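Trainee: The structure follows.
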Amino acid sequence: MSMPKIDGHFWVERDGEIIDTDFPLYEDCRRFWKCVSSTPHHLEADATTQKLMIEMFKRSLMKSMEVDTWEKCVEEVVLITSMMGITTPQPNQCWMNVIIEVAKNGGKIKFGSLGWETKSGKIHWEYGGETYKNVKQFLV
């Protein structure tokens, strides 16, 4: 399955709460960049960029799954991951993680940047960044 390559991050927002798994991989990243907290900082891209990125990923996944509707695509993703025994979110799979989370528990898909605070008080943006203002900047 060929999805666009990005320097950005997807997460779910439900009832004002951010749903985003903290993987051991992130701990390695925080240690490397000398981050002082494991509290993530999510920075939403502007509404237009979010909409375009989400639609781009939806279209790519629907094409690769050879389905005509987003609803059918989600059904297939949930079925296939279940058949593969994937029952928990997976690292480096934020797009698939949000699809499954929303399908099972509801919520809204968000897109933007993810990072953690460093000793200097600045945020290390592992995915995206505060200067990313349009789709082109998020594409690799």
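The values are calculated or read from the model by the stated rules, or taken from the named source; none is laboratory data. This is a predicted model, so every value here is computed, not measured. Note that we place each Cβ from the backbone using ideal geometry, even for glycine, and neighbour counts take in every protein chain shown.
Trainee: Could we say that Asn97 is out of contact with any Phe, Trp or Tyr (no Cβ under 7 Å at 6 or more places or on another chain) and loosely packed, with under 13 Cβ neighbours inside 10 Å here?
Mentor: The answer is no for Asn97.
This table checks each residue for (1) free of Cβ contacts under 8 Å to residues at least 60 places away in the same chain; (2) of a type in the set (Asp, Glu); (3) over 24 Å from Tyr132 (Cα atoms).
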| position | (1), (2), (3) |
| --- | --- |
| Lys34 | no, no, no |
| His42 | no, no, no |
| Glu66 | yes, yes, yes |
| Cys73 | yes, no, yes |
| Ser82 | yes, no, yes |
| Ile86 | yes, no, yes |
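Trainee: Would you be able to say whether some residue in region 76-96 is under 13 Å from the mean Cα position of the chain (by Cα) and more than 30 Å from Gly121 (Cα to Cα)?
Mentor: yes
Trainee: Within the bounds of region 26-35, is there any residue that is under 12 Å from the mean Cα position of the chain (by Cα), surrounded by 11 or more Cβ atoms within 10 Å (Cβ to Cβ) and either under 18 Å from Thr88 (Cβ atoms) or at pLDDT 95 or above (or both)?
Mentor: Within region 26-35, none of the residues are under 12 Å from the mean Cα position of the chain (by Cα), surrounded by 11 or more Cβ atoms within 10 Å (Cβ to Cβ) and either under 18 Å from Thr88 (Cβ atoms) or at pLDDT 95 or above (or both).
Trainee: May I ask you to list the residues in region 36-78 that are of a type in the set (Lys, Arg) and crowded, with 16+ Cβ neighbours inside 10 Å?
Mentor: Lys58
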